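Since every read-out is calculated from the coordinates, none of them should be taken as a lab result. The shown structure was predicted, so the numbers you read here are calculated from the model rather than taken from an experiment. Here the Cβ positions follow ideal geometry from the backbone for every residue, glycine too, while neighbour counts run over all protein chains shown.
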Amino acid sequence: MIKLTDILLEILNEDRCQRIADRRYSKPSAYKSGAIVRCRKGKIWKKLKESNNNLNNIKNIFELYPELSNIGSYTDYSEYLNTVFPNSMIKDIVYHGAIESLLPKDNKFKGYITYFTTAKKYAETFGIPVNRKVIAAIIDIQRPFRATSELADVPYEIHITDQYTNPRIIKSNNSNYDSVIGKDAGQREGNTIAVFNPEQIYILGSKQDIEGFKKFMRVLNEKKETLRTWFKRKGAPGKTGGWVDCNTCREVDGKKKCKPCGRQKGEKRAKYPSCRPTPSQCGDPGKGKKWGKTK
């Protein structure tokens, strides 16, 4: 008899596998479907933690900037972002909200201090609702001042009473800090980070971000390429692939055609295979006077 608890566990596992697959694959594919099936059978992702706020935020960014999904997956993008500011103490995606006309057109902030928050909903409260825009970013924070009172742009006389913390005064009076972390007056969700320099800000979905992600994926794909895949991507025509046997090359219709390097079962050849990646590379036998040797 099937227990109700077993049925519930199976349903929960199916949902878990679907959510993990959604994070790792930005588009429907055979790879995604196969991974979900293997996950539900307990063959993969057994110990993988399901909760990852940044990956959920990345999914929203992919929806805003569809070009990112043509470059790589959510997980690829998350790994890429880890390389932008690898030494930052803040790993979360943060948000800056303002009236759209006040935001930089080139996605490069030039202000004295720029405020970000870890709570997107809080960022959405800034500016006039009809003209409001929220920018997602990652920031380089290494020497933060951690405020024990609420952040506010108050005069120095109030700042020193510890009732409020003014990030502008912190920046002016102490060069040891690169930011202030705390909560705005009245803020309940998340934290606010006052970033002191524009160089600490990297806007997600910007032209710089898209080009950087493309470069990251090119390097990543080169590293992932194994000797076997390199062998298979060159060589003999048709479905066989692989390197070619230079001893078998013949001119056909002005083009050099060669048999695959690997012999089929029972196949006999006059010479041992002498292999190169492509037929065009069979023109030079190297140190020898001719290709291969007779048996």
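When Lys and Arg each count +1 and Asp and Glu each count -1, what net charge do the other residues less than 12 Å away from GLU189, Cβ to Cβ, add up to? Counting the neighbours of GLU189, the net charge comes to +2.
Stretching ALA270 away from LYS256 to a fully extended chain increases their span by 3.1 nm, per 0.36 nm per residue minus the current alpha-carbon distance.
Where in region 171-189 does the label zone of THR125 land, with the point 7 angstrom along Cα→C-beta and an amide N cut-off under 17 Å? Counting backbone N atoms under 17 Å from the label point, the list is 182-189. For the residue pairs LYS91/LYS120; LYS46/LYS215; LYS46/LYS214; LYS32/LYS59; LYS59/LYS121, the C-alpha atoms sit more than 20 angstrom apart in LYS46/LYS215; LYS46/LYS214.
With a ≥ b ≥ c taken as the square roots of the eigenvalues of the C-alpha gyration tensor of region 146-190, please select rounded if a/c is under 1.5 and otherwise prolate if a/b is larger than b/c or oblate if it is not? Cα axes put region 146-190 in the oblate bin.
For region 66-93, there are no residues whose amide N sits under 12 Å from a probe point set 7 Å from the Cα of LYS133 along the beta carbon direction. Scalar couplings 3J(HN,Hα) for region 251-256, obtained by applying the Karplus form with A = 6.51, B = -1.76, C = 1.60 to θ = phi - 60°, are 7, 10, 6, x, 10, 7 Hz; x denotes Gly and Pro. The modelled label-to-label distance between TYR65 and GLU199, using points 7 Å beyond Cα along the C-beta direction, is 2.2 nm.
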